[in-house]
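Input: a single structure, listed below in structure tokens.
The values are calculated or read from the model by the stated rules, or taken from the named source; none is laboratory data. Quick caveat: nothing in here was measured; it's all calculated off a predicted structure. Cβ placement follows ideal geometry from the backbone for every residue including glycine, while neighbour counts extend to all protein chains displayed.
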Ligand code: GTP
Ligand code: MG
């Protein structure tokens, strides 16, 4: 089995979509190993988004991620890294496929940052690194 870090980002929490998102994850059959509400500070987010440092959307992204709490989830299951990214849909919610979390619940709100509701680790290496950052 495999583990991944899932985040319900501040837009998802603020819109009251945490339950709906968790329902999809549970319906798919993945196991919740740990879950917590986190007010991420800048230091944590700099670690989490280190690969994006210097990109044009980096500062707006860090600010958005500090706009409210996120729900951090340690999720387990066979091929859950790939499987959750498929459930989440592609990065841009405008064009993410219907049936995915981003496609069904997200859209472009006209803001600088793509508020795309969820995060999922993109590789086993990222998952190990990110789980350490969010769960210690
Ligand atoms: P995550 O699961 O959140 O990591 O999404 P991802 O893997 O689909 O995207 P990526 O890691 O490339 O980017 C991380 C986050 O930065 C995205 O989820 C968006 O919130 C934001 N982002 C990525 N690309 C852009 C962009 O081109 N413009 C803006 N405004 N935001 C972006
Ligand atoms: Mg990513």
- Item | Exclusive hit being within 16 Å of ligand 1 (Cβ to nearest atom) and either over 19 Å from residue 126 (Cα atoms) or in contact with a helix residue (DSSP H, G or I) (Cβ under 7 Å, 6 or more places away or on another chain) (or both), set 20, 14 | 14
- Any residue at all in region 38-45 that is within 14 Å of ligand 1 (Cβ to nearest atom), within 18 Å of residue 115 (Cα to Cα) and at pLDDT 95 or above? yes
- Message: Condition check: more than 17 Å from residue 123 (Cα to Cα), within 14 Å of ligand 1 (Cβ to nearest atom) and out of contact with any helix residue (DSSP H, G or I) (no Cβ under 8 Å at 6 or more places or on another chain). Does residue 93 satisfy that?
- Response: no
- Query: Which of the residues that make up region 110-136 are more than 11 Å from ligand 1 (Cβ to nearest atom) and not in a helix (DSSP H, G or I)?
  - Reply: 110, 136
- Note on the structure: Among the residues of region 32-71, the number that are in a helix (DSSP H, G or I) and touching a residue at least 60 places away in the same chain (Cβ under 8 Å) is 3
- Task: Hey, could you check region 63-84 for residues that are buried (at least 20 other Cβ atoms within 10 Å of the Cβ) and near ligand 1 (Cβ under 10 Å from one of its atoms) and say which is farthest from residue 1 (Cα to Cα)?
- Result: 65
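Rundown of residues vs (1) farther than 19 Å from residue 133 by Cα; (2) touching a strand residue (DSSP E or B) at 6+ places or on another chain (Cβ under 7 Å), yes/no style:
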{"residue": "7", "(1), (2)": "no, yes"}
{"residue": "38", "(1), (2)": "no, yes"}
{"residue": "51", "(1), (2)": "no, no"}
{"residue": "60", "(1), (2)": "yes, no"}
{"residue": "65", "(1), (2)": "no, no"}
{"residue": "93", "(1), (2)": "yes, no"}
- Of the residues in region 85-114, those that are more than 17 Å from residue 13 (Cα to Cα), within 16 Å of ligand 2 (Cβ to nearest atom) and in contact (Cβ under 8 Å) with a residue 40 or more places away in the chain number 1
- Note on the structure: When region 2-31 is checked residue by residue, the ones that are in contact (Cβ under 8 Å) with a residue 40 or more places away in the chain and on the phi > 0 side of the Ramachandran plot are 29
- Within region 115-136, residues within 14 Å of ligand 2 (Cβ to nearest atom), more than 11 Å from residue 6 (Cα to Cα) and under 12 Å from the mean Cα position of the chain (by Cα) come out as 116
